[in-house]
Amino acid sequence: MSLRRRKGIACAVIAFCLALGLVPASAGAGTKAMGIDVSRFQGPIDWPTVATAGIRFAFVQASRGSGADCTVKPGQCGADPMFATNRVAAESNGIRVGPYHRAFAAGGTAETARADALAEADVFLATVGSLQSGELVPVLDVETPFSGMTAASLRTWVRVWLKKVTKRLGRKPMIYTNASSWGATGNTREFAKAKYPLWVAEWGVSRPSVPASNWAGRGYSVWQYSSSGTVAGISGKVDQDRLGKGLGTITIH
């Protein structure tokens, strides 16, 4: 095959991926500092041991839903009772920590979506309190299920939550999602263009597919590459993460 023809085929493949809004990350990405994300479901964590295992950063769940709306594990909803302990213990052992909220978005209209987003933001903010220098940016976990929502109402929900948390904490949150869940927003590039960082989830692949046209050309900041990792100091399986960009880009200064 001629060089010109090979280049033509490569360009066609790239154009097809762009049309779908899914672009594989560059080969050099996702190979930097290693991290984890944890919640009440990990139980007590031996953070000194986790630190010696080489973990440099951890996203710690602060809350999920608004207290009575979690359709997945409904008995474990609202503020995470392990958050404060995990936050202090991880940071005391030199691990950078960022708080995250697992959304259970609902609302078929702009009005109901707004009310639900504000309720969930209130739970998150009450749990986190404030951010300190050296901590990581807050995170909104946007993944299915979305109860009775349209693409428009889901975009409203995300917009309202992000704006409230940004105003209160003084730093734009990062969005955690995957290509399938983000498709429910209409694969919008609105939040990528507004410079909200992306934490993308895709397991068992060498490179993740990044929604919203490679996050409007900005790529991802964090990649959750496994949901079944093992780390010394944590019982059972744990989510594992790699950075796509420098840790400083998502650190509070």
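The values are calculated or read from the model by the stated rules, or taken from the named source; none is laboratory data. The structure displayed is predicted, hence computed values, not measured ones. Cβ atoms come from the backbone with ideal geometry, glycine included; neighbour counts cover every protein chain shown. Keep in mind that these areas ignore ligands, DNA and RNA; they rest on the heavy atoms of the full protein, side chains included. Shrake-Rupley method; radii C 1.70, N 1.55, O 1.52, S 1.80 Å.
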- Task: Please work out which one of (1) within 18 Å of the chain's Cα centre (by Cα); (2) assigned to a loop (DSSP other than H, G, I, E, B) is the condition GLY75 fails and give its number.
- Result: (1)
- Would you please name the residue that is most open to solvent (accessible area, probe 1.4 Å), looking only at residues in the range 234-249 that are farther than 19 Å from GLU202 by Cβ and either in contact (Cβ under 8 Å) with a residue 12 or more places away in the chain or assigned to a loop (DSSP other than H, G, I, E, B) (or both)? SER235
- Task: Answer yes or no as to whether ALA115 is open to solvent by 30 Å² or more (accessible area, probe 1.4 Å), in a helix (DSSP H, G or I) and free of Cβ contacts under 8 Å to residues at least 12 places away in the same chain.
- Result: yes
- Message: Tell me the residue from PRO208, PRO173 that is touching a residue at least 24 places away in the same chain (Cβ under 8 Å), open to solvent by less than 40 Å² (accessible area, probe 1.4 Å), in contact with an Asp or Glu (Cβ under 6 Å, 6 or more places away or on another chain) and under 29 Å from GLY54 (Cβ atoms), please.
- Response: PRO208
- In the range 185-205, which residues are under 17 Å from LEU140 (Cα atoms), among the aliphatic types (A, V, I, L, M) and open to solvent by 40 Å² or more (accessible area, probe 1.4 Å)? none
- Query: Going through the range 41-78 one residue at a time, which ones are surrounded by fewer than 18 Cβ atoms within 10 Å (Cβ to Cβ) and closer than 24 Å to ILE250 by Cα?
  - Reply: PRO48, THR52, ALA53, GLY54, ARG56
- Item | Lone qualifier among VAL88, VAL50, VAL97, VAL60 - being farther than 26 Å from THR156 by Cα, hydrophobic (A, V, I, L, M, F, W, C) and either at pLDDT below 95 or within 17 Å of the chain's Cα centre (by Cα) (or both) | VAL97
- Please give the number of the condition ARG87 fails out of (1) assigned to a loop (DSSP other than H, G, I, E, B); (2) open to solvent by 10 Å² or more (accessible area, probe 1.4 Å); (3) over 18 Å from SER228 (Cβ atoms). (1)
- Query: In the range 211-225, which residue that is out of contact with any Gly (no Cβ under 8 Å at 6 or more places or on another chain) and among the small types (Gly, Ala, Ser) is most open to solvent (accessible area, probe 1.4 Å)?
  - Reply: GLY217
- Message: If the requirement is being open to solvent by less than 50 Å² (accessible area, probe 1.4 Å), closer than 24 Å to LYS245 by Cβ and more than 16 Å from the chain's Cα centre (by Cα), which of these qualifies: LEU162, LEU140, LEU136, LEU131?
- Response: LEU131
- Item | Residue check, LYS32 surrounded by fewer than 16 Cβ atoms within 10 Å (Cβ to Cβ), modelled with pLDDT under 95 and in contact with a strand residue (DSSP E or B) (Cβ under 6 Å, 6 or more places away or on another chain) | yes
